[in-house]
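Novice: Quick one: this structure, given as structure tokens, is what I'll be asking you about.
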Ligand SMILES: [Zn+2]
């Protein structure tokens, strides 16, 4: 029995390691794509991964190009994924994005019952998951999400800083 438990623990750790290398891989994918998006929009992207590790939704910030105040990467990715899934519930899914979701997107993620939220850079001004306020722990939150912030934080932060610097110099 003891052996069985030890073995199970080892498997658990290994799965966690695999999950980590998977979301880091997706974060790198997002950072690579941001070079294309970043010409007209703030380079923020999001992907939604299902329980089988498949990408079922992808979105990039489209606020300026669509004149849409709801055009945040997370919401665009969620809309795509809910169509594909034919469901509004995301308990078994994870969303990965390079910037901490804002308060609007965090509320939407709570409504969508997202299983896990993984983000890169913290947003001290608008962040809804700890940077400014943590809505996931607020009493209004009926759904508890697993939140992992600061994944490839330096690269994500630098990527956004370079973009803002370019914008100011134009
Ligand atoms: Zn947002």
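Novice: Assign one of three labels to the stretch 97-145, namely rounded, prolate or oblate, based on the Cα gyration tensor with a ≥ b ≥ c the square roots of its eigenvalues; rounded applies when a/c is under 1.5, prolate when it is not and a/b is larger than b/c, and oblate otherwise.
Specialist: Note, shape of the stretch 97-145 comes out oblate.
Novice: If you take the square roots of the eigenvalues of the alpha-carbon gyration tensor of the stretch 17-170 and sort them as a ≥ b ≥ c, do you get rounded (a/c under 1.5), prolate (a/b over b/c) or oblate?
Specialist: It is rounded, given that a/c, with a ≥ b ≥ c, falls under 1.5.
Novice: Angle check, please: helix 73-85 long axis (alpha carbons) against the longest principal axis of the chain (alpha carbons), in degrees 0 to 90, nearest 10.
Specialist: With rounding to tens, the tilt is 50 degrees.
Novice: Report for the stretch 41-170 the percent antiparallel among DSSP-assigned beta bridges with both residues inside it, nearest 5.
Specialist: Approximately 60 percent, going by the DSSP bridge assignments.
Novice: Per-residue ellipticity at 222 nm for the chain, helices alone: DSSP H runs ≥ 4 residues times -39500 (n - 2.57), over residue total, nearest 500 deg cm²/dmol?
Specialist: -15500 deg cm²/dmol
Novice: Any idea what angle helix 153-169 forms with the longest principal axis of the chain, computed on alpha-carbon atoms, 0 to 90 degrees, nearest 10?
Specialist: 10 degrees
Novice: Using alpha-carbon pairs under 8 Å, 6+ residues apart, how would you state the relative contact order of the stretch 23-118 in percent?
Specialist: Working: 165 pairs, mean separation 25.9, N = 96.
Once normalised by length, the contact order is 27 percent.
Novice: If you rank 93, 55, 156 by fewest surrounding Cβ atoms within 10 Å, what's the result?
Specialist: Lowest count first: 55, 93, 156.
Novice: Pop a pseudo-label 7 angstrom from the Cα along the beta-carbon direction at both residue 146 and residue 70 and give the gap in nm to one decimal.
Specialist: Spacing of the two 7 Å Cα→Cβ label points: 3.0 nm.
Novice: Taking square-rooted eigenvalues a ≥ b ≥ c of the alpha carbon gyration tensor, is the stretch 65-156 rounded, prolate or oblate, where a/c under 1.5 means rounded and, failing that, a/b exceeding b/c means prolate? The partial results should precede the final answer.
Specialist: Values: a/c = 1.44, a/b = 1.18, b/c = 1.22.
The shape class here is rounded.
Novice: Taking Cα pairs under 8 Å and at least six residues apart, what relative contact order does the stretch 110-170 come out at, in percent? Intermediate values should be presented prior to the final figure.
Specialist: Details: 69 pairs, mean separation 23.6, N = 61.
It comes to 39 percent, rounded to a whole number.
Novice: Write down the Å³ per residue value for the convex hull defined by the alpha carbon atoms of the stretch 41-107.
Specialist: Numbers: hull volume 5.6 nm³, N = 67.
Expressed per residue, the convex hull around the Cα atoms of the stretch 41-107 is 84 Å³.
Novice: To the nearest 10 degrees, how steeply does helix 2-37 sit against the main Cα axis of the chain, on a 0 to 90 scale?
Specialist: Long axis of 2-37 versus the principal axis of the chain: about 10 degrees.
Novice: Mind giving me the nanometre distance, one decimal, between the label points for residue 111 and residue 162, set 7 Å out from Cα along Cα→Cβ?
Specialist: Once both label points are built, they end up 3.5 nm from each other.
Novice: Over the chain, what is the relative contact order in whole percent, taking alpha-carbon pairs under 8 Å and six or more residues apart? Provide the component values of the computation, followed by the final result.
Specialist: On the way: 292 pairs, mean separation 29.3, N = 170.
Normalised by residue count, the contact order of the chain is 17 percent.
Novice: I need 23, 119 ordered by Cβ neighbour count within 10 Å, fewest first.
Specialist: Least to most surrounded, the residues fall as 23, 119.
Novice: Using alpha carbons only, how many angstrom separate the centre of the stretch 14-33 from the centre of the stretch 115-141?
Specialist: That distance is 20 Å.
Novice: Got a sec? How would 132, 65, 34 order by Cβ neighbour count within 10 Å, fewest to most?
Specialist: 65, 132, 34
Here, each number is a calculation from the coordinates, and none is a lab measurement. Just so it is clear, the structure is predicted and the values come from calculations on it, not from any experiment. Glycine gets a Cβ as well: all are built from the backbone with ideal geometry, and neighbour counts include every protein chain shown.
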